[in-house]
Amino acid sequence: DAMVIQNPRYQVTQFGKPVTLSCSQTLNHNVMYWYQQKSSQAPKLLFHYYDKDFNNEADTPDNFQSRRPNTSFCFLDIRSPGLGDAAMYLCATSRASPGLAAPSTYNEQFFGPGTRLTVL
Amino acid sequence: KNEVEQSPQNLTAQEGEFITINCSYSVGISALHWLQQHPGGGIVSLFMLSSGKKKHGRLIATINIQEKHSSLHITASHPRDSAVYICAVGSVQISSGSARQLTFGSGTQLTVLP
């Protein structure tokens, strides 16, 4: 079945130790999103890739970076995790309609199972 | 005031009850999404709609664009329906006409007791 996969499901890191979270998709969608969700809060969009174009949200800290080496994979790098970065990180994908300058949220987003990050 | 308001925040029902979760929004939208999140789990997209009504199994979603309101109904509720239900809207920036990313409501925690 076509799906969005996130590895690992649970990640423990130490304060200040770089960590990378992985997302892959078999849907062949051209848009991939990374969200941060803290306990009892709504997901917060960090950034998204429209094809190879990286789009950062204005309030996403510089500590968070992303890479998309190909259509199927997208990585979230946290350069120096702090205690406040402990959260669920959700990857999502969607197919943007051809010709749009920006991905339309009219298109349904498909979410992965998330990676729960613990910072010690 | 949040752009997306959900009610109730918490809902406890007995198995078999008919359940309604409401969502109101204050911005122009391109589409409205209903999402389900189980404890400690990822998010599953239930519906995406921009008008009218959609039905999938025991789930029904309706939207009234004029009133800027949507409802999610669950018929014959079951304990496995216990989850957080999230309303999210894709809004449209009036100035540019381009679509923004999703704006999420705070979620409704549903507990269905056997």
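List the accessible area buried at the contact between A and B, summed over both sides and calculated with a 1.4 Å probe, in Å² to the nearest 100.
Details: alone 6720 and 6140 Å², together 11210 Å².
What A and B bury together is about 1600 Å².
Whole Å is fine, so just give me how far the alpha carbon centre of the range B:21-74 lies from that of the range A:53-99.
So the two Cα centres are separated by 25 Å.
Starting at the first residue of the range A:70-83, write each ³J(HN,Hα) from the Karplus equation 6.51 cos²θ - 1.76 cosθ + 1.60 with θ = phi - 60°, in whole Hz, x for Gly and Pro.
Each residue's phi maps through the Karplus curve to give 7, 4, 7, 10, 8, 10, 10, 10, 10, 6, 9, x, x, 4 Hz.
Determine the share of chain B's accessible area contributed by carbon and sulfur atoms, expressed in whole percent, with a 1.4 angstrom probe.
Of all accessible area on chain B, carbon and sulfur atoms account for 51 percent.
Work from the charge dipole of chain A (Cβ charges, +1 for Lys and Arg, -1 for Asp and Glu, about the Cα centre) and give the residue of A:T20, A:F64, A:N107 farthest towards its positive end.
The one lying farthest along the dipole's positive direction is A:T20.
Does the protein assembly as shown come out rounded, prolate or oblate by the C-alpha gyration tensor, with a ≥ b ≥ c the root eigenvalues, rounded set by a/c under 1.5 and, if not, prolate when a/b is larger than b/c and oblate if not? Don't skip to the end; give the middle numbers.
Details: a/c = 1.79, a/b = 1.29, b/c = 1.39.
It is oblate, given that a/c is not under 1.5 and a/b is not larger than b/c.
Any idea how many Lys pairs in the protein assembly as shown come in under 23 angstrom at the alpha carbon, given 8 or more places apart or on separate chains?
10
Give, rounded to the nearest 20 debye, the magnitude of the charge dipole that chain B has about its Cα centre when Lys and Arg contribute +1 at Cβ and Asp and Glu contribute -1 at Cβ. Each step should come with its number before you reach the end.
On the way: 8 positive and 6 negative charges, 56 e Å.
It comes to approximately 260 debye.
For chain B, just say rounded, prolate or oblate: build the C-alpha gyration tensor, square-root its eigenvalues into a ≥ b ≥ c, call rounded for a/c under 1.5, and beyond that prolate if a/b exceeds b/c, oblate if not. Display every interim value, and only then the final one.
Working: a/c = 2.16, a/b = 1.85, b/c = 1.16.
It is prolate, given that a/c is not under 1.5 and a/b is the larger ratio.
Give the long-range amide H neighbours of A:A96: residues separated by 5 or more places, or on another chain, with amide H under 5 Å away, using H modelled in the peptide plane at 1.01 Å from N.
A:N30, A:V31
May I ask you to list the trypsin sites (Lys or Arg not before Pro) in the range A:1-51 that are in a DSSP loop and have at most 15 other Cβ atoms within 10 Å of their Cβ? Kindly include the intermediate steps, with their values, before the conclusion.
Details: sites: A:R9, A:K38, A:K44; in loops: A:R9, A:K38.
Those that pass, being in a loop and sparsely packed, are A:R9, A:K38.
Report, to the nearest whole %, how much of the accessible area of chain A belongs to carbon and sulfur atoms, 1.4 Å probe, protein only.
51
Roughly how many Å² is the accessible area per residue of the protein assembly as shown, as a whole number, for a 1.4 Å probe? It would help to have the intermediate numbers written out before the result.
Working: 11210 Å² over 234 residues.
Per-residue accessible area for the protein assembly as shown comes out at 48 Å².
Quick one: putting +1 on the C-beta of Lys and Arg, -1 on the C-beta of Asp and Glu, what dipole do you get for chain A around its Cα centre, in Debye to the nearest 20?
Once rounded to the nearest 20, the dipole reads 280 debye.
When Lys and Arg each count +1 and Asp and Glu each count -1, what net charge do the other residues less than 13 Å away from B:H73, Cβ to Cβ, add up to? The partial results should precede the final answer.
On the way: positive: B:K53, B:K54, B:K55, B:R58; negative: B:E17, B:D81.
Here the count lands on +2.
Which value in nm describes the separation of the simple spin-label points at A:D53 and A:F73, placed 7 Å from the Cα toward the beta carbon?
2.5
Which parts of the range B:40-68, residue by residue, lose 30 Å² or more of accessible area when the rest of the protein chains are there, as against the chain isolated (1.4 Å probe)?
Flagged in the range B:40-68: B:G40, B:G42, B:I43, B:S45, B:M48.
The values are calculated or read from the model by the stated rules, or taken from the named source; none is laboratory data. If you're wondering where the values come from, they're calculated on a predicted model, not measured in any experiment. Positions of Cβ are backbone-derived with ideal geometry, glycine not excepted, and every protein chain shown enters the neighbour counts. Only protein heavy atoms, including side chains, enter the accessible area calculation; ligands, DNA and RNA are left aside. Shrake-Rupley method; radii C 1.70, N 1.55, O 1.52, S 1.80 Å.
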